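Here the structure comes first, spelled out in structure tokens, and everything after it is commentary.
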Amino acid sequence: MNTRDIINSTVDGRFIIRFESKEINTLKSLPDQKLQNTDVIQLQRKSTTPKGWRTLSICTVTSSEDINFALQWSAECKEELLDPESADLYLLMLTQDFEISKEECLSIEANEKFCRKLILRPEESLEQLLARTFLVSISEPSESSHIMDPLTLALKETNKNFSWFDDSQQGIWRKALLSSKTGQELIDRLFQEPEKES
């Protein structure tokens, strides 16, 4: 599968995907010609209230020089995008025939100047890279899943110290923490149930 197919499979119908538009064509025309396999994709989460587009700029890097070209491209893309889309820009760098350490990758990703950056780490597949983005679904783990997501793991660990924090309570907390509620609304939702005795 090519990159677009893998992204399409990852979002699994949760986003409207735009591969072509005047804006996308403009962004595609910006990168240095030495930068390989460049692409731009825009995504909008399907919901009842339309929101802005998230922009993925994708390229293949084969050297440190290419990384600099890619960072320059991200700066140019940010200048072209209007608010609020300019705040939702992502740069995906796929490494090819280029050895880069995990530490170097982490350093690049930690710098969010211009946009959020993700680079294919050593021994990482494109699917694993995409799993570190907003593209993946946060869902209940299946019974056959061998790997627990961090939230499930934290809830299970809490149960070890507090016996009243059973599966029912964990479900309430999980639902609340994955909701869009914040601050006092979240506190009210979490503590609306009477506290159980330990």
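The values are calculated or read from the model by the stated rules, or taken from the named source; none is laboratory data. Note that the structure is a prediction, hence the values are computed from the model and not measured. Quick reminder, even Gly has a Cβ in these numbers, built from the backbone with ideal geometry, and neighbours come from all protein chains shown.
Being assigned by TED's automatic domain parsing to the domain that holds GLU23, crowded, with 18+ Cβ neighbours inside 10 Å, of a type in the set (A, V, I, L, M, F, W, C) and within 26 Å of GLU123 (Cα to Cα) is a description that does not apply to LEU106.
Scanning the stretch 46-60 for residues that are of a type outside the set (A, V, I, L, M) and under 15 Å from TYR90 (Cα atoms), we see that the one that is surrounded by the fewest Cβ atoms within 10 Å (Cβ to Cβ) is GLY52. Among residues of the stretch 13-29 that are more than 13 Å from GLN44 (Cβ to Cβ) and among the aliphatic types (A, V, I, L, M), those with a beta-carbon under 9 Å from a residue that is assigned to a helix (DSSP H, G or I) and at pLDDT 85 or above at least six positions away or on a different chain give the pairs LEU27/TRP73; LEU27/GLU76; LEU27/CYS77; LEU27/GLU80. The set of residues from the stretch 93-123 being over 25 Å from ILE41 (Cβ atoms) and within 18 Å of the chain's Cα centre (by Cα) comprises just one member, SER107. Selection within the stretch 1-38: residues that are buried (at least 20 other Cβ atoms within 10 Å of the Cβ) and over 14 Å from the mean Cα position of the chain (by Cα). The member of this set that is nearest to CYS77 (Cα to Cα) is LEU27. One residue stands out among those in the stretch 177-198 that are loosely packed, with under 10 Cβ neighbours inside 10 Å and under 17 Å from THR158 (Cα atoms): the one that is modelled with the highest pLDDT, which is GLU195.
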